[in-house]
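Trainee: So that we are looking at the same thing, I have put the structure below in structure tokens.
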Amino acid sequence: MILTTGVSGGLGNLILRGLSGIEGVDVVAGSRSGDGRATRRVDFDDPASLPEAFHGVDVLLVVSAGYAEDDVVFARHGAVADAAATAGVRHVIYTSLASSGESMTIALPHRWTEDRLAAGPFSTTILRNGLYTEVPVGLATAGAGDAAATGEFTAPFGAGKISVVAKQDLADVAVRVAAESERDLAAGRPIRHAGRVYELEGDTPIGGADIAEILTATLDRPITYRPSSLTETRAALQGSGLEPYQITHALSLFSNVIAGRAQARKSDLPDLLPAPARQVRAAIAEAVAAGGYQGQSISATRR
């Protein structure tokens, strides 16, 4: 049996849907708000509840609970490792962070978790997920209105670029690895993915000038790119309602992009997907067009 955690979140839900669509795969859902019947209650902040939640599970797919201060993440993921050992889980799959994010502040809890799981009595597969396509898509859609009105797109990317990957592609890889691991266990053969660390990075890094180019085509007017400073960005984030640690992580991400340290050097993604990876440029264009900015820009240029 496979249990995937975090099914109320975007990635966890996509993984659950993918596994549920495979004939012969026995999958159960886990979430903090689980009712104990259709969805098991898997609350990383309640360690005493986890061994029961993991009872009977052969393959545990842990979607990172990293949206918190580092010490909270250490406690959560340490509790998961302990409970998996107590419950007799045989294989753990963990959604970590790709190497392009190695210098970012979000990396440390992921690497700590990888080491913590490696010390357990179960085998592991580490899925080092790239940053989501939502990063540049969110910047593009948030800035499209101003870009349509002013002809200028601003973002704290400097002259750097960032490698991103579609969440659905990451879910597809997780589904494949979990299903094949469960089948290997059921057949009594070695798990083909055991001990593997997969780098799941996008193949087309994107920068501010690239986003401006996409906006130009989508908004049907010339858009230029202006790099915004980290000082400007910090001021904007501090008024956004984000938690302090979220601001720290966001600024670290942008700083890495500016420094040219957010691009992928290698990726196992093409070898694990059944089709070519989804492209970030198409995702940006579709999101901006769906926001209705094209019509706004046309009317603005006619005034």
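The values are calculated or read from the model by the stated rules, or taken from the named source; none is laboratory data. No experiment lies behind these values; they were computed from the predicted model shown. In this analysis, Cβ positions are derived from the backbone assuming ideal geometry, glycine residues included, and neighbour counts consider all displayed protein chains. Ligands, DNA and RNA are excluded from the accessible area calculation, which covers all protein heavy atoms including side chains. Shrake-Rupley method; radii C 1.70, N 1.55, O 1.52, S 1.80 Å.
Trainee: Report in % the part of the accessible area of region 66-198 that belongs to carbon and sulfur, leaving out ligands and nucleic acids; probe 1.4 Å. Don't jump to the answer; show the numbers that get you there.
Mentor: Working: 2570 of 4900 Å².
Carbon and sulfur together cover 52 percent of it.
Trainee: Right, something else. Rg to Rh for region 186-292: what is it, with Cα atoms only and Rh by Kirkwood?
Mentor: On the way: Rg = 18.8 Å, Rh = 17.3 Å.
Computed over Cα atoms, the ratio is 1.09.
Trainee: Using DSSP to define loop residues, name the trypsin sites (Lys or Arg not before Pro) in region 11-115 whose beta-carbon has at most 13 other beta-carbon atoms within 10 Å. Show your work: numbers first, answer last.
Mentor: Working: sites: 17, 32, 37, 40, 41, 76, 90, 111; in loops: 32, 37, 90.
Sparse-neighbourhood loop trypsin sites (Lys or Arg not before Pro): 37.
Trainee: Tally up the carbon and sulfur contribution to the accessible surface of region 1-54 as a whole percent, 1.4 Å probe, everything protein left in place.
Mentor: Numbers: 1190 of 2590 Å².
Whole-percent figure for carbon plus sulfur exposure: 46.
Trainee: Sticking with this structure for a sec: Near residue 49, within a Cβ-to-Cβ distance under 9 Å, what is the net charge of the other residues, with Lys and Arg +1 and Asp and Glu -1? Kindly include the intermediate steps, with their values, before the conclusion.
Mentor: Working: positive: 41; negative: 43, 46, 52.
Every neighbour counted, the sum reads -2.
Trainee: Above 28 Å lies some portion of the pair distances; for the chain, what is it as a whole percent of all C-alpha pairs? Working shown, then result.
Mentor: Values: 19524 of 45753 pairs.
Every Cα pair in the chain considered, those over 28 Å come to 43 percent.
Trainee: Further, regarding this structure: Given a Förster radius of 30 Å and the C-beta distance between residue 189 and residue 273 as r, what FRET efficiency does 1/(1 + (r/R0)^6) yield to the nearest 0.05?
Mentor: Details: r = 24 Å, r/R0 = 0.79.
According to the calculation, E is roughly 0.80.
Trainee: Between residue 75 and residue 102, what length comes free when the chain is fully extended (0.36 nm per residue of separation minus the Cα-Cα distance, one decimal in nm)?
Mentor: Details: separation 27, 0.36 × 27 = 9.72 nm, distance 2.12 nm.
Full extension of this stretch gives 7.6 nm more.
Trainee: Magnitude of the Cβ-charge dipole of region 148-303, K/R +1 and D/E -1, about the Cα centre, nearest 20 debye?
Mentor: Details: 17 positive and 17 negative charges, 41 e Å.
For region 148-303, the charge dipole is close to 200 debye.
Trainee: Follow-up. At a Förster radius of 30 Å, what calculated FRET efficiency corresponds to the Cβ-Cβ distance of residue 33 and residue 150, to the nearest 0.05?
Mentor: Details: r = 43 Å, r/R0 = 1.44.
That gives a FRET efficiency of 0.10.
Trainee: What is the mean projected area of the alpha carbon convex hull for region 105-238, to one decimal in square nanometres?
Mentor: Mean projected area of the Cα convex hull: 10.5 nm².
Trainee: Work out the charge dipole of region 131-201 with +1 on the Cβ of Lys and Arg and -1 on the Cβ of Asp and Glu about the Cα centre, then indicate which of 143, 175, 154 is farthest towards its positive end.
Mentor: In region 131-201, that residue is 175.
Trainee: Let me ask something additional. Quick one: work out the % antiparallel among DSSP beta bridges in the chain, nearest 5. Mind showing how you got there, number by number?
Mentor: Working: 2 of 33 bridges.
Bridges in the chain that DSSP calls antiparallel: roughly 5 percent.
Trainee: If the label point is 7 Å along Cα→Cβ of residue 203, which residues in region 260-285 have backbone nitrogen under 11 Å from it?
Mentor: So the set is 267-273, 275-279.
Trainee: Please compute the per residue accessible area over the chain with all protein chains in place, 1.4 Å probe, rounded to a whole number of Å².
Mentor: Heavy-atom SASA per residue in the chain reads 45 Å².
Trainee: Here is a further query. From the residues 49, 4, 287, which one has its Cα farthest along the dipole of the chain in the positive direction, the dipole being from +1 and -1 charges on Cβ of Lys/Arg and Asp/Glu about the Cα centre?
Mentor: Projecting each Cα onto the dipole axis, the largest value belongs to 287.
Trainee: Could you size up the charge dipole of the chain around its Cα centre, putting +1 on the beta carbon of Lys and Arg and -1 on that of Asp and Glu, and report it in debye to the nearest 20? Walk me through the numbers before you get to the answer.
Mentor: Details: 27 positive and 34 negative charges, 95 e Å.
Here the size comes out at about 460 debye.
Trainee: Expressed as a rounded percentage, what relative contact order does the chain have, with Cα pairs under 8 Å and six or more residues apart?
Mentor: Details: 586 pairs, mean separation 58.5, N = 303.
Relative contact order for the chain comes out at 19 percent.
Trainee: What is the distance, in nm, between label points placed 7 Å from the Cα along the Cα-to-Cβ direction at residue 242 and at residue 46?
Mentor: Roughly 3.1 nm, to one decimal.
Trainee: Taking the Cβ of residue 129 as the centre, find all other residues whose Cβ is under 15 Å away and add up their charges (Lys, Arg: +1; Asp, Glu: -1). Provide the component values of the computation, followed by the final result.
Mentor: Details: positive: 111, 128, 167, 176, 196, 266, 278; negative: 102, 114, 134, 169, 172, 199, 201, 203, 268.
Neighbourhood net charge equals -2.
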